[in-house]
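The values are calculated or read from the model by the stated rules, or taken from the named source; none is laboratory data. These numbers come from a predicted model, not from an experiment. FYI the Cβ positions are ideal-geometry reconstructions off the backbone, even for glycines, and counts take in every protein chain you see.
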Amino acid sequence: MTSKALAVSAKNWIVPCGSIDQYISRVRNIPILTAEEERALAIDLFENQSREAAQKLIVHHLNFVVHIARGFSGYGLALADLIQEGNIGLMKAVKRFDPSHGVRLISFAVHWIKSEIHEYVIRNWRMVRIATTKSQRKLFFNLRSMKKSFKWLNEQEAKHIADELNVPVKDVYEMESRIQGKDIAFDAPDDDDEDNFSPSAWLTDSSYDPAKTVEREEEHDYYRQRLFRAIDKLDSRSREIVEARWLNEDKKVTLQNLADKYQVSAERIRQIEAQAFLELKNSIEADVR
């Protein structure tokens, strides 16, 4: 395929599709690049930062992403979302691909594609994150396929899986418990069954109650006014040190910076600061009385 024909094909394939089936049908028909075509595009991208070369490399590898994403279809997530995350991984791989290493792009990109899909599955398979450590992730994506039945694991099966994946046996049992745990509807119907509770009944968020919001703002303003009245009673140097050290929103000034400014030691600045805090405390307490 000539470079001109390749450009036309890449441009023609980037067309919005109305459904996931249309998308898959479209990318299946995108020709796979030869090793020479891929290398030429990769060199153009690596040496010249060519956006057009990057686009062609991505488009002509979309079918690989679909194939990989199908392997994660058993987690109850939309295939379109899995493919989208895999495409993000493909784009990251294309950006980092170095043609001088002498490997095909897909061999390099598989890790990035699977990594993005892994993260998406873990984030969205359950509301509570089910796998956070390396061993848990390994178990999450392999445990179901390694089990011989839908029953709970016995001791021998758990030990075999732990040895195969090089993880502790207790992690195998814990992951099985997480995977087997049933989901609970957020808005379950009200009834007298104590086991059928609704999370929405006890997860009410009152932080946006208008009355409480106004109350918090008024309380904040009250304490703020008391603080600044107390600061105004400090001598100018103490006030400047407190403001520079604790009321500067851009950057907290160090003791040494202030020591250089006032031509004293950093320890002297610390003493002035400590005395200022004591005066502030006494002034605020007196203001309350």
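Could you list, in sequence order, all residues of segment 99-117 that are under 22 Å from Asp44 (Cβ atoms) and basic (Lys, Arg)?
Arg104, the sole residue that qualifies.
Any chance you could count how many residues in segment 60-82 are in contact with a Lys or Arg (Cβ under 9 Å, 6 or more places away or on another chain) and surrounded by 16 or more Cβ atoms within 10 Å (Cβ to Cβ)?
Residues in segment 60-82 being in contact with a Lys or Arg (Cβ under 9 Å, 6 or more places away or on another chain) and surrounded by 16 or more Cβ atoms within 10 Å (Cβ to Cβ): 7 in total.
Before we move on, is Ser107 within 20 Å of Ser19 (Cα to Cα), surrounded by fewer than 14 Cβ atoms within 10 Å (Cβ to Cβ) and among the polar types (S, T, N, Q)?
No: the conditions fail for Ser107.
In segment 107-136, which residue that is among the aliphatic types (A, V, I, L, M) and modelled with pLDDT under 65 is farthest from Asn63 (Cα to Cα)?
Val128
With the structure loaded, tell me whether Ile20 is of a type in the set (Val, Ile, Thr), more than 10 Å from Pro99 (Cβ to Cβ) and in the same structural domain as Lys95 (by TED's automatic domain parsing) or whether it fails that test.
For Ile20, the condition - of a type in the set (Val, Ile, Thr), more than 10 Å from Pro99 (Cβ to Cβ) and in the same structural domain as Lys95 (by TED's automatic domain parsing) - is met.
Can you list the helices (runs of 4 or more DSSP H) lying wholly within segment 183-289 that have 1 or more residues being of a type in the set (Val, Ile, Thr) and at pLDDT 85 or above?
Correct list: 210-232, 236-246, 266-288.
Looking at segment 19-45, which of the residues that are under 28 Å from the mean Cα position of the chain (by Cα) and not aliphatic (A, V, I, L, M) is surrounded by the fewest Cβ atoms within 10 Å (Cβ to Cβ)?
Ser19
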